[in-house]
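Shown next, in structure tokens, is the structure this report addresses.
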Amino acid sequence: MSTLLRYALGTAVTGGLVVAAGAYFARRQATQPAGDPPQTPAPDPQTIPAPKPTSTGPIAWDGALPLPTAADIKGDLGRNWGTTPADLRPLFLLAEEASGIVGAGRILAVIAYRESRFIPAAHNGDAESEQSERNYSYNAYHNNKGRNPTLMHGDAAAAFGSGGLFGALAPYFLWTGVQELKDKAPLLASDPRIMFLPRVAAFAATVYLQRLLKNYDIRDVADIKVGWGSISLLIPPGRDGDTYNKIRSQFWEDAKTVGIDLGDVATIPTKMRADNWPGVGAVFQKLVGQLPVPKALV
């Protein structure tokens with residue numbers, strides 16, 4: 001199916017704009033989990049076919065919690081959200097509260113707008129024409145599988161491309177948390193389509209946000225989106241280049257389009273911090289709870 005066709009909560013809907021999840025090859029390299037030195041690059045998979053429909057279609061899940069509601073969070077769901085979908089606001093705010101990263105909710109909302117237009121199961125890589133996105137996930141998997149815990153569905157992740165609310169590349173998504181939990185990271189045995197579950201997508205995005213804030217020179221909120229694209233742009237000469245400035249400008253424009261004021265210090269501090277990070281396991285429990293498992297194709 002093309003990127004103009006999206007599955008939302010098991011229902012096929014048509015979307016407007018192509019998700020920009022595969023825009024930067026540097027991002028694919030830069031966001032790889034920490035571990036031993038990278039393996040010898042795998043051959044460029046020019047002939048890898050599109051995934052079979054049985055490996056990309058919607059799944060019914062056992063143990064998947066519904067979206068959180070106002071009763072599940074403490075923060076303000078009215079101020080400075082703009083046109084962020086009302087049903088996703090509690091999710092983004094729960095990510096903020098679970099992580100202890102003040103301001104994370106609105107920042108994640110702006111990122112989700114850019115990466116998926118708020119469509120939870122946006123997918124790049126499931127159509128014959130999306131070969132380049134499958135190449136990204138193929139190389140991400142084969143270049144890094146030797147230095148990371150085994151993925152039960154590694155081959156499926158390699159052929160998957162990217163998707164979800166935050167435009168995650170499948171192998172890296174499933175390796176979320178390995179830096180802290182090693183082979184106990186929660187998604188290692190999961191089907192890559194688990195990224196289509198909003199709570200799981202928010203978990204992975206929150207972990208990545210924390211890693212950016214902890215490990216890189218994030219000078220303001222726009223630098224977060226730069227790091228989302230490529231952490232190499234956060235250091236010279238990347239920080240001095242046109243791409244760095246372009247991504248920053250695009251982020252400010254996205255926030256304006258959504259209607260989120262990035263200068264509202266009551267909801268987004270000027271300098272975001274992850275000093276109160278409770279750990280990957282605690283964030284997973286608050287956002288996801290029990291690990292969902294596939295039940296059947298819808």
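Here are a few things to note about the model shown:
- The numbered conditions (1) under 30 Å from GLY259 (Cα atoms); (2) touching a Phe, Trp or Tyr at 6+ places or on another chain (Cβ under 6 Å) are all true for PRO192 except (1).
- Filter result for ALA201 (part of a helix (DSSP H, G or I), in contact (Cβ under 8 Å) with a residue 60 or more places away in the chain, hydrophobic (A, V, I, L, M, F, W, C) and under 24 Å from ALA274 (Cβ atoms)): yes
- Among the residues of this structure, PHE173 counts as one that is assigned to a helix (DSSP H, G or I), free of Cβ contacts under 8 Å to residues at least 40 places away in the same chain and within 13 Å of the chain's Cα centre (by Cα).
- Residue that is farthest from PRO198 (Cα to Cα), among those in the range 117-127 that are in contact with a Ser or Thr (Cβ under 9 Å, 6 or more places away or on another chain) and assigned to a loop (DSSP other than H, G, I, E, B): ALA127
- Identity of the residue in the range 117-143, surrounded by fewer than 24 Cβ atoms within 10 Å (Cβ to Cβ) and polar (S, T, N, Q), that ends up modelled with the lowest pLDDT: SER129
- Considering residues of the range 148-164 that are in a helix (DSSP H, G or I) and buried (at least 23 other Cβ atoms within 10 Å of the Cβ) only, the residue nearest to the chain's Cα centre (by Cα): ALA157
- When LYS225, LYS271, LYS286 are checked against the criterion of being in contact (Cβ under 8 Å) with a residue 40 or more places away in the chain and touching a Pro at 6+ places or on another chain (Cβ under 9 Å), LYS286 stands alone in meeting it.
- Meets criteria (of a type in the set (Val, Ile, Thr) and modelled with pLDDT under 95) for ILE218: no
Yes/no per residue for (1) hydrophobic (A, V, I, L, M, F, W, C); (2) under 18 Å from the mean Cα position of the chain (by Cα):
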position: LYS182; (1), (2): no, no
position: THR206; (1), (2): no, yes
position: GLN210; (1), (2): no, yes
position: VAL221; (1), (2): yes, yes
position: GLY229; (1), (2): no, yes
position: GLY241; (1), (2): no, no
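- Some residue of the range 243-262 being touching a residue at least 60 places away in the same chain (Cβ under 8 Å), acidic (Asp, Glu), part of a helix (DSSP H, G or I) and surrounded by 13 or more Cβ atoms within 10 Å (Cβ to Cβ): yes
Let's see how each residue does on (1) within 12 Å of the chain's Cα centre (by Cα); (2) at pLDDT below 95; (3) in a loop (DSSP other than H, G, I, E, B); (4) over 19 Å from ASP223 (Cα atoms):
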residue: LEU94; (1), (2), (3), (4): no, no, no, yes
residue: ALA98; (1), (2), (3), (4): no, no, no, yes
residue: ILE101; (1), (2), (3), (4): no, no, yes, no
residue: LEU108; (1), (2), (3), (4): yes, no, no, no
residue: ALA112; (1), (2), (3), (4): yes, no, no, no
residue: GLU115; (1), (2), (3), (4): yes, no, no, no
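- Residues that are of a type in the set (A, V, I, L, M, F, W, C) and assigned to a loop (DSSP other than H, G, I, E, B) within the range 276-297 comprise TRP277, VAL288, LEU291, listed in sequence order.
- Of all residues in the range 97-113 being surrounded by fewer than 24 Cβ atoms within 10 Å (Cβ to Cβ) and out of contact with any Phe, Trp or Tyr (no Cβ under 7 Å at 6 or more places or on another chain), the one that is nearest to GLY164 (Cα to Cα): TYR113
The values are calculated or read from the model by the stated rules, or taken from the named source; none is laboratory data. These figures come from a predicted structure and were not determined experimentally. Here Cβ is always computed from backbone atoms with ideal geometry, including for glycine, and neighbour counts include all displayed protein chains.
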